[in-house]
Amino acid sequence: MSGLFKKQKMNPKKIGTHDGTFHCDEALACFMLHQTAEFKDAEIVRTRNPEILKTLDIVVDVGAVYDPATHRYDHHQGTFADTFDSQQNIRLSSAGLIYKHFGKEILSKVTGTEGETLELVFQKIYTDFIKAVDAIDNGVSQYDTDSRPRYNIPTDLGSRVSRLNPAWNDTIKTPDEQFKLAMALTGKEFLEAVDDLVKTWLPARSIVEEMVNSRHEIEASGAIAILPQSCPWKVHLFDLEEEKGIQNQIHYVLFGDKNDWRIQSVPLGPSSFDNRAPLPAEWRGIRDEALSQVAGIEGCVFAHATGFIGGNKTKEGVIAMARKALQLTGKGHLVASQ
């Protein structure tokens, strides 16, 4: 058995995990447990000795038992096949297990969110942060291919945790002390992900939802939407369209950009370069007065050569561009008929 991580408290609870080489999942699992009310002052015991494991209050990533009732959270046993929920198909690691059972408590404490907002954050942090830890620990590739990657990425969280293990010829660093660093590293990135989600992602989602809900005020078809405040909108738009069952109905998003206004065609996907309704071909690559003459709309600034974005000096002008684009491309009729 390797040593205990001491905390200044009488008879603290004890968290067990395996000794030897450590990984991202149990380091993060232990950090998350330290964020809970029950285990915030717990000692970390790193051992594979089953007799010692029996005496501990909670055990993660070792012991070959998954039983929340007795706080046993291992995923290595052959019978284990649990995922985060019915929508996921990647088996949980110890990080995913601890997050599944303690995540809402941790997020509520860290963010102060509750109800539907807490559930949204809970799901999003799993999808965008914890899921990758689960997948890597379980050997799940990002892509369905047998081809060798053209290059390696050695800076992901799991790789950085792995490098914290003492080297084979390092006689100074101790595994327990290095595991503390691994907990701190994974915990810092976890909290940063949560902080970014709550402080930037959630406010942007609210703005985009307001835009989606008011789209019929601009155009009866609902194909034109105006952002009340400029913010990242693409990922939120696709999420909200799916939630509301209105996929592919919004073709243009309009937003202020410094002193001008922009019209942007909604892409086919969050990272796609293809768009639902590129601006009319006759506008593309033309600027200023020449574009105003071709479009028959005052104040035009530009239309990109690919048609994915354009600009006008005024809000009224950019709305006129969007309406005219719907007419010329025939997209307004398609949306209205859906």
Return a yes/no flag: does the stretch 192-208 have any residue that is closer than 18 Å to residue 27 by Cβ, surrounded by 11 or more Cβ atoms within 10 Å (Cβ to Cβ) and free of Cβ contacts under 8 Å to residues at least 60 places away in the same chain.
-> yes
Is it true that some residue in the stretch 134-149 is open to solvent by less than 70 Å² (accessible area, probe 1.4 Å) and either touching a Pro at 6+ places or on another chain (Cβ under 6 Å) or closer than 21 Å to residue 35 by Cβ (or both)?
-> yes
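Can you tell me which of 292, 265 is of a type in the set (Ser, Thr, Tyr) and under 18 Å from residue 228 (Cα atoms)?
None of the others qualify; the one that does is 265.
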Is it true that residue 36 is open to solvent by less than 60 Å² (accessible area, probe 1.4 Å), among the hydroxyl-bearing types (Ser, Thr, Tyr) and either under 19 Å from residue 177 (Cα atoms) or in a loop (DSSP other than H, G, I, E, B) (or both)?
-> yes
Which of (1) part of a loop (DSSP other than H, G, I, E, B); (2) in contact with a strand residue (DSSP E or B) (Cβ under 9 Å, 6 or more places away or on another chain); (3) over 21 Å from residue 176 (Cα atoms); (4) open to solvent by less than 60 Å² (accessible area, probe 1.4 Å) is the odd one out, the single condition residue 81 does not satisfy?
-> (4)
Unmet criterion (only one of (1) open to solvent by 40 Å² or more (accessible area, probe 1.4 Å); (2) within 26 Å of residue 60 (Cβ to Cβ); (3) not acidic (Asp, Glu)) for residue 169 = (2)
Inspect all residues belonging to the stretch 213-222 and state whether any of them is surrounded by 14 or more Cβ atoms within 10 Å (Cβ to Cβ) and within 30 Å of residue 139 (Cβ to Cβ).
-> no
Residue under evaluation residue 180, criteria (1) over 19 Å from residue 61 (Cβ atoms); (2) out of contact with any helix residue (DSSP H, G or I) (no Cβ under 6 Å at 6 or more places or on another chain), criterion not met = (1)
Filtering the stretch 239-291 for residues that are aromatic (Phe, Trp, Tyr) and closer than 18 Å to residue 210 by Cα leaves a count of 2
Residue list for the stretch 245-269, filter: within 13 Å of residue 318 (Cβ to Cβ) and in contact with a helix residue (DSSP H, G or I) (Cβ under 6 Å, 6 or more places away or on another chain) = 252, 254, 261, 263
Identify the residue in the stretch 251-296 that is of a type outside the set (Phe, Trp, Tyr) and in contact (Cβ under 8 Å) with a residue 60 or more places away in the chain and, among all such residues, is farthest from residue 325 (Cα to Cα).
-> 254
Yes or no: residue 20 on the phi > 0 side of the Ramachandran plot and either modelled with pLDDT of 95 or more or not hydrophobic (A, V, I, L, M, F, W, C) (or both)?
-> yes
Hey, could you check the stretch 223-246 for residues that are assigned to a helix (DSSP H, G or I) and farther than 19 Å from residue 322 by Cβ and say which is most open to solvent (accessible area, probe 1.4 Å)?
-> 242
Check whether at least one residue in the stretch 47-56 is open to solvent by 10 Å² or more (accessible area, probe 1.4 Å), in contact (Cβ under 8 Å) with a residue 40 or more places away in the chain, part of a helix (DSSP H, G or I) and in contact with a strand residue (DSSP E or B) (Cβ under 8 Å, 6 or more places away or on another chain), and report yes or no.
-> yes
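The values are calculated or read from the model by the stated rules, or taken from the named source; none is laboratory data. Predicted model only: the values in this text are computed from it and were never measured. Ideal geometry is used to build each Cβ from the backbone, glycine not excepted, and the neighbour counts take in all protein chains shown. All accessible areas refer to the heavy atoms of the entire protein, side chains included, with ligands and DNA or RNA removed. Shrake-Rupley method; radii C 1.70, N 1.55, O 1.52, S 1.80 Å.
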